[in-house]
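Here's the structure we're looking at; comments come further down.
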Amino acid sequence: MNKLFAALVIPTSLLVSATAFAKEPSFYASAAISYADQDYNFENINNYDYSDKAVGFNLTAGYQFNDYFSLEASYYDFGKAEAEHNPGPYLTYKGEAKASALGLAAVASYPVNDSFRVYGKLGAAYFTSDVSETTQIHVEDEFSFKNSDKDSGFAPYFGAGVALNVTGSSEVYLESSKFSYEASSDMGDYDHDVINTSLGYRMFF
């Protein structure tokens, strides 16, 4: 009798448990602080690479269809990056970049257990790059001139992350995404790459 009872109860309890922890289709929203590593190369001006890191943020809204798939739209503000290059005693190049993006991505998730999941994403973003470069010439009478321009267009991005369940309807997450944008402007062509690492909080509704 005890064996029969166990044979009936254990599978049933496992099924109930699995159902309890499975994600129902739901909307979600998240906010995160980010650390953006920006690299931009003015190929047609002086062929130098500039890179800097800046603090930014991102906001996301999405819909999770099941444990494994969701779609989301995000806004990324990558902050302002600044860099300086001195090729010689009489010449200084100063670069500055601000960037943001509106992204739409498909997200594939894998629940490792009831509390922890890993995920990857692939999407396209409308990327805005605002870049300037100042050339300073150090002679008896120092002078400088500045080039600046703003360009927008579509860019691919991809990322991966991990999420830890806090309550039944919220989680904290850590993720990293890479954006690659090829800009064309009055300054000439330049590449603007961003690796954005975010720490955030996500709620399901």
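The values are calculated or read from the model by the stated rules, or taken from the named source; none is laboratory data. This one's a predicted model, so the numbers in the text were calculated from it and none came from an experiment. Cβ sites come from the backbone with ideal geometry, for glycine too, and all protein chains shown count toward neighbours.
Looking at 100, 176, just one residue is crowded, with 17+ Cβ neighbours inside 10 Å, of a type in the set (Gly, Ala, Ser) and in a strand (DSSP E or B), and that residue is 100. Number of residues in region 155-186 that are touching a Leu at 6+ places or on another chain (Cβ under 6 Å) and over 16 Å from residue 59 (Cα atoms): the value is 2.
For (1) in contact with a helix residue (DSSP H, G or I) (Cβ under 6 Å, 6 or more places away or on another chain); (2) among the hydrophobic types (A, V, I, L, M, F, W, C); (3) buried (at least 19 other Cβ atoms within 10 Å of the Cβ); (4) part of a strand (DSSP E or B), each residue gets a yes or a no:
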position	(1), (2), (3), (4)
106	no, yes, no, yes
110	no, no, no, yes
121	no, no, yes, yes
133	no, no, yes, yes
152	no, no, no, yes
155	no, yes, yes, yes
158	no, yes, no, yes
162	no, yes, no, yes
165	no, no, no, yes
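Each residue in region 70-90 was checked for being touching a strand residue (DSSP E or B) at 6+ places or on another chain (Cβ under 6 Å) and surrounded by fewer than 18 Cβ atoms within 10 Å (Cβ to Cβ), and 8 pass.
Just to be sure before I move on: is residue 129 assigned to a strand (DSSP E or B), touching a Gly at 6+ places or on another chain (Cβ under 9 Å), of a type in the set (Gly, Ala, Ser) and at pLDDT below 95 in the structure I sent? So residue 129 passes the test.
Yes or no: residue 45 modelled with pLDDT under 75, assigned to a loop (DSSP other than H, G, I, E, B) and over 20 Å from residue 196 (Cα atoms)? The answer is yes for residue 45. So is residue 140 at pLDDT 95 or above and among the acidic types (Asp, Glu) or not? Criteria not met by residue 140. Just one of the listed residues (67, 114) is part of a loop (DSSP other than H, G, I, E, B), among the charged types (D, E, K, R) and exposed (fewer than 14 other Cβ atoms within 10 Å of the Cβ), and it is 114.
For every residue, the table says whether it meets (1) within 19 Å of the chain's Cα centre (by Cα); (2) hydroxyl-bearing (Ser, Thr, Tyr).
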site: 105; (1), (2): yes, no
site: 112; (1), (2): no, no
site: 122; (1), (2): yes, no
site: 125; (1), (2): yes, no
site: 129; (1), (2): yes, yes
site: 144; (1), (2): no, yes
site: 182; (1), (2): yes, no
